[in-house]
Amino acid sequence: MSILSNVEQMYGIKIHRTRQMKDIHKIETANTTYCLKPYKFPEEEIRFITRVLSYLDERGFTRSQKVYPTVQQTAYMTYEGVSYTLTNWVHGLRPEFTKRIDFKKGIATLAKFHSSAVSFPITEAPPSRIRYEGLSDEIAGYKKRLIPYRGTAHLVALCEEVSHRLQQPKVREAIVQEQKAAAFIHGDYNYPNLIKDKQLKIHMIDFENCSLHVRMKDLS
């Protein structure tokens with residue numbers, strides 16, 4: 001059975017047209033357009049990603065994708081060892097952050113998202129997705145990747161400055177407050193993962209890098 005036949009069976013839908021775009025499938029039925037996305041993460045992380053999306057929906061945030069359950073009411077399906085989610089397809093164009101209006105709307109959308117991205121039930125997050133204390137390691141990783149290249153000495157210096165500032169009391173306090181708020185982030189908030197609809201509203205897609213983390217990371 002092909003993956004698309006499996007989707008029809010698992011979700012109880014009749015597919016009219018499909019189009020593969022990189023690793024995702026755009027699936028059209030008579031009434032709805034879906035996005036079928038594969039994940040090669042452990043199942044506990046896939047459950048976390050789908051839970052984040054359902055949590056946002058519960059809190060009234062309408063600018064993220066909606067996860068459709070299978071006929072067995074699971075949040076994802078598995079085919080040949082790979083897990084897939086079925087979400088709504090967000091129609092529109094990529095925003096252009098060189099345009100002031102798009103940039104402002106992008107920041108406003110992020111602010112709305114972050115207002116909803118708190119009080120997540122931490123028991124539903126696997127340890128691999130709890131990353132509040134991972135900033136120092138991330139900066140060290142950036143620095144290591146930059147060092148071999150010419151013309152990046154100023155960026156290496158900035159990494160060292162950031163590493164130093166992460167240890168300052170006010171920054172440490174802010175990180176603790178994010179933990180207390182049980183805040184989470186998108187994790188890859190940039191224009192390829194944003195869609196501007198016909199009403200010029202910006203929607204967020206691709207939550208595969210979401211985690212419990214410091215929300216300022218999305219803004220940076």
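Of all residue pairs spaced 6 or more apart or on separate chains, those with beta-carbon atoms under 9 Å, a first member in the range 133-150 that is acidic (Asp, Glu) and a second member that is part of a loop (DSSP other than H, G, I, E, B) are 138/131. Give the residue that is farthest from residue 67 (Cα to Cα), with candidates limited to residues of the range 200-220 that are assigned to a loop (DSSP other than H, G, I, E, B) and touching a His at 6+ places or on another chain (Cβ under 8 Å). For the range 200-220, the residue satisfying everything is 215.
Taken over the range 204-215, the criterion of being more than 10 Å from the chain's Cα centre (by Cα) and either over 15 Å from residue 107 (Cβ atoms) or crowded, with 23+ Cβ neighbours inside 10 Å (or both) is satisfied by 212, 213, 214.
Among residues belonging to the range 184-194 that are within 19 Å of residue 52 (Cα to Cα) and touching a residue at least 40 places away in the same chain (Cβ under 8 Å), point out the one that is surrounded by the most Cβ atoms within 10 Å (Cβ to Cβ). Selected residue: 184. Only residues that are among the hydroxyl-bearing types (Ser, Thr, Tyr) and closer than 17 Å to residue 133 by Cα were counted in the range 145-170, giving 1. From the list 146, 158, 110, 135, the lone residue that is surrounded by 11 or more Cβ atoms within 10 Å (Cβ to Cβ), closer than 19 Å to residue 204 by Cβ and not basic (Lys, Arg) is 110.
Restricted to the range 6-23, and to residues that are modelled with pLDDT of 95 or more and either of a type in the set (A, V, I, L, M) or part of a helix (DSSP H, G or I) (or both), which residue is surrounded by the most Cβ atoms within 10 Å (Cβ to Cβ)? So the residue we want is 7. Taken together, the residues in the range 1-48 that are closer than 19 Å to residue 193 by Cα and in contact with an Asp or Glu (Cβ under 6 Å, 6 or more places away or on another chain) amount to 1.
Within the range 113-132, the set of residues being exposed (fewer than 14 other Cβ atoms within 10 Å of the Cβ), touching a residue at least 12 places away in the same chain (Cβ under 8 Å) and among the β-branched types (Val, Ile, Thr) comprises just one member, 122. Checking residue 93 against (1) loosely packed, with under 14 Cβ neighbours inside 10 Å; (2) of a type outside the set (Gly, Ala, Ser); (3) over 21 Å from residue 4 (Cα atoms); (4) free of Cβ contacts under 8 Å to residues at least 40 places away in the same chain: exactly one of these is not met. Which one? Condition (4) is where residue 93 drops out.
Being among the β-branched types (Val, Ile, Thr), part of a loop (DSSP other than H, G, I, E, B) and surrounded by 11 or more Cβ atoms within 10 Å (Cβ to Cβ) holds for only one residue in 70, 50, and it is 70. Taking the range 74-192 as the region of interest, the helices (runs of 4 or more DSSP H) fully inside it that hold 2 or more residues being of a type in the set (Val, Ile, Thr) are 100-116, 153-165, 169-180. With respect to the conditions (1) outside any loop (DSSP other than H, G, I, E, B); (2) out of contact with any strand residue (DSSP E or B) (no Cβ under 7 Å at 6 or more places or on another chain), residue 195 lacks only one, and its number is (2).
The values are calculated or read from the model by the stated rules, or taken from the named source; none is laboratory data. What you are looking at is a predicted structure, and each value in this text was computed from that prediction instead of being measured. Don't worry about glycine lacking a Cβ; one is built from the backbone with ideal geometry, like all the others, and counts go over all protein chains shown.
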